[in-house]
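Enquirer: Okay, here's the structure, questions in a sec.
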Amino acid sequence: MTSNGLEIERKYRLLDGAPSAGVLERLGARPVLVEQVYLLATDDAPVRRVRLWRDGDRTKRRYTEKRLVRGIVREEREIEVDTAEYDRLLTEADPARRPIRKVRHIFEYRDRTLELDVFEEPAGLVVLEVELEREDDAPEVPPELGPYEDVSEDPRYLNVNLALR
């Protein structure tokens, strides 16, 4: 799998923490275990990471580069890598950043795919991500997820910053 292009994404922090298993089940959420490791950066280079994705019996490994374009728009390049390349890239891990571990719950809502991330660390952090077609799209958040705040342009909620030790 390869993707090149723009990522336009809104992020919402859930204020009451993770929804119950019952709510996730009613939404049809499918859990996926995600671990991502940020790689050493050079000046003005895109943010680089590798991601391990465990979905039931399947495991995927991806290498991603992202660069801010403006606001909630990022240029993104992502490719699937094999185990050997993944392991080689891990040797470039940034020691100033810890691995991000989370359970991502994926579900459809109002003709959109939503991704609800429940982080292992920082414990208690729950972030809903919605990819958009346009910057001015206003996605609807399922009311059963409880109160939330839009953190789309708050750099503290970028995974690369959450990974700082």
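Each value in this text was obtained by applying a stated rule to the coordinates, not by laboratory testing. Only a predicted model underlies this, so the values are computations on that prediction, with no experimental measurement involved. When we count neighbours, we look across all protein chains shown, and the Cβ atoms used for this are built from the backbone with ideal geometry, even at glycine.
Enquirer: Taking amide H positions as placed 1.01 Å from N in the peptide plane, with prolines and chain starts having none, which residues 5 or more places from residue 132, or on another chain, fall under 5 Å of its amide H?
Expert: 8, 9, 10
Enquirer: Another one. Provide the per-residue ³J(HN,Hα) series for the stretch 114-128, in order, calculated from phi with Karplus coefficients 6.51, -1.76, 1.60 and θ = phi - 60°, each as a whole number of Hz, with x at glycine and proline positions.
Expert: For the stretch 114-128, the Karplus curve yields 10, 10, 9, 9, 9, 7, 6, 8, x, 4, x, 7, 9, 10, 9 Hz.
Enquirer: So what's the net charge close to residue 164: Lys and Arg +1, Asp and Glu -1, counting the other residues with Cβ under 13 Å from its Cβ?
Expert: Value of the local net charge: +2.
Enquirer: In whole Å, how far is the Cα centre of the stretch 100-133 from that of the stretch 60-90?
Expert: 18 Å
Enquirer: Amide H neighbours of residue 117 under 5 Å, counting only residues 5+ apart in sequence or on other chains, H built in-plane at 1.01 Å?
Expert: 105, 127, 128, 129
Enquirer: Which residue, 42, 113, 83, tops the fluctuation ranking in a GNM of the chain built on C-alpha contacts under 10 Å?
Expert: 42
Enquirer: Under the Karplus relation 6.51 cos²θ - 1.76 cosθ + 1.60, θ = phi - 60°, what is the ordered set of whole-Hz ³J(HN,Hα) values for the stretch 85-95, x standing for Gly and Pro?
Expert: 5, 4, 4, 5, 5, 4, 5, 9, 4, 7, x
Enquirer: Less than 19 Å from a label point 7 Å out along the Cα-to-Cβ axis of residue 136: which backbone N atoms in the stretch 33-74 qualify, by residue?
Expert: 70-74
Enquirer: So how strong a dipole does the stretch 2-162 carry about its Cα centre when Lys and Arg Cβ are +1 and Asp and Glu Cβ are -1, to the nearest 20 debye?
Expert: 460 debye
Enquirer: What residues have an amide H closer than 5 Å to that of residue 152, excluding those fewer than 5 places away on the same chain, when H is modeled at 1.01 Å from N in the peptide plane?
Expert: 11
Enquirer: For the stretch 2-162, what does the relative contact order come out to in percent, with C-alpha contacts under 8 Å and a separation of six or more?
Expert: Rounded, it is 34 percent for the stretch 2-162.
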